[in-house]
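A.B. asks: To start, I am sharing the structure in question, which I have written as structure tokens.
The values are calculated or read from the model by the stated rules, or taken from the named source; none is laboratory data. Note that the structure is predicted; figures quoted are calculated from it, not measured. Every residue, glycine among them, receives a Cβ derived from its backbone with ideal geometry; neighbour counts consider all protein chains shown.
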Amino acid sequence: AKLLVLHGPNLNLLGTREPEIYGHATLEEIDADLATRALAKGHELESFQSNAEHELIARVQAAREDDTDFILINPAGFTHTSVALRDALAAVAIPFIEVHLSNPHAREPFRRTSYFSDLAVGVVCGFGPLSYGLALAAAMRKLESGD
Ligand code: DQA
């Protein structure tokens, strides 16, 4: 199957960005690890990062045309602000898992609101880079079992 990983704003800075919160792994390392794990199970995985809301929306819209089966998305700061990115995911109706490195529920109150969680198949947060690995494992289980 075809999986798409979307990373929102500032995640390009992983490795140096508040490492006590987000860990030391770079985005390149995380993406390479995910691609290797997906390939090992016979899946195809592409990653895309943008700091721009319109680019993330355009990539979600394109996912309908390129037959993406499943999306993992860390909307980053847009988690708490973007009705438009939420609407794009609802429009394409591709199942997705919401991912966060940190646990937004254990941080500032404004991070407790997500415009994505109620549409998501599930949410994985709080495990650092492992959050992505756990979300990928869950997505592949879903794809393989067909439910
Ligand atoms: C984040 C959590 C968000 O609240 C924050 O704005 C981010 C990263 C995370 O992965 O922990 O940029 O999505």
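A.B. asks: Of everything in the stretch 10-26, what is at pLDDT 95 or above and in a helix (DSSP H, G or I)? Give them in sequence order.
C.D. replies: L11, N12, L13, listed by residue number.
A.B. asks: Select from the stretch 35-58 the residues that are of a type in the set (S, T, N, Q) and either out of contact with any strand residue (DSSP E or B) (no Cβ under 7 Å at 6 or more places or on another chain) or under 14 Å from L143 (Cβ atoms) (or both) and list them in ascending order.
C.D. replies: Across the stretch 35-58, the qualifying residues are T36, S50, N51.
A.B. asks: Let me ask something else. Looking at the stretch 31-56, which of the residues that are more than 20 Å from L85 (Cβ to Cβ) and surrounded by 18 or more Cβ atoms within 10 Å (Cβ to Cβ) is nearest to the ligand (Cβ to nearest atom)? Step through it out loud before you land on a result.
C.D. replies: Within the stretch 31-56, the first condition is being more than 20 Å from L85 (Cβ to Cβ), and the residues that meet it are 32-45.
Restricting the remaining residues to those that are surrounded by 18 or more Cβ atoms within 10 Å (Cβ to Cβ) gives 34-35, 38, 43, 45.
Details: L34: 14, A35: 19, A38: 20, H43: 23, L45: 18 Å.
Looking at residues that are more than 20 Å from L85 (Cβ to Cβ) and surrounded by 18 or more Cβ atoms within 10 Å (Cβ to Cβ), I get L34.
A.B. asks: Could you run through the stretch 73-87 and say how many residues are on the phi < 0 side of the Ramachandran plot and within 7 Å of the ligand (Cβ to nearest atom)?
C.D. replies: The qualifying residues number 5.
A.B. asks: Still on this model: Sort out which residues of the stretch 92-140 are aromatic (F, W, Y) and either closer than 23 Å to I30 by Cα or modelled with pLDDT under 95 (or both), and write them in order of number.
C.D. replies: Here is the first cut: in the stretch 92-140, the residues aromatic (F, W, Y) are 96, 110, 115-116, 127, 132.
If the condition is that a residue be aromatic (F, W, Y) and either closer than 23 Å to I30 by Cα or modelled with pLDDT under 95 (or both), then F96, F116, F127, Y132 are the ones that fit.
A.B. asks: Can you run down the residue pairs with Cβ atoms below 6 Å, 6 or more apart or on separate chains, where the first is in the stretch 1-12 and farther than 13 Å from H100 by Cβ and the partner is within 13 Å of the ligand (Cβ to nearest atom) and part of a loop (DSSP other than H, G, I, E, B)?
C.D. replies: Note: pairs meeting the criteria are P9/N51.
A.B. asks: Being aromatic (F, W, Y) and within 14 Å of the ligand (Cβ to nearest atom) narrows it down to one of F70, F116, so name that one.
C.D. replies: Sole residue among the options that is aromatic (F, W, Y) and within 14 Å of the ligand (Cβ to nearest atom): F116.
A.B. asks: Among the residues that make up the stretch 21-38, is at least one of them farther than 23 Å from F127 by Cβ and more than 15 Å from the chain's Cα centre (by Cα)?
C.D. replies: The answer is no; no qualifying residue exists.
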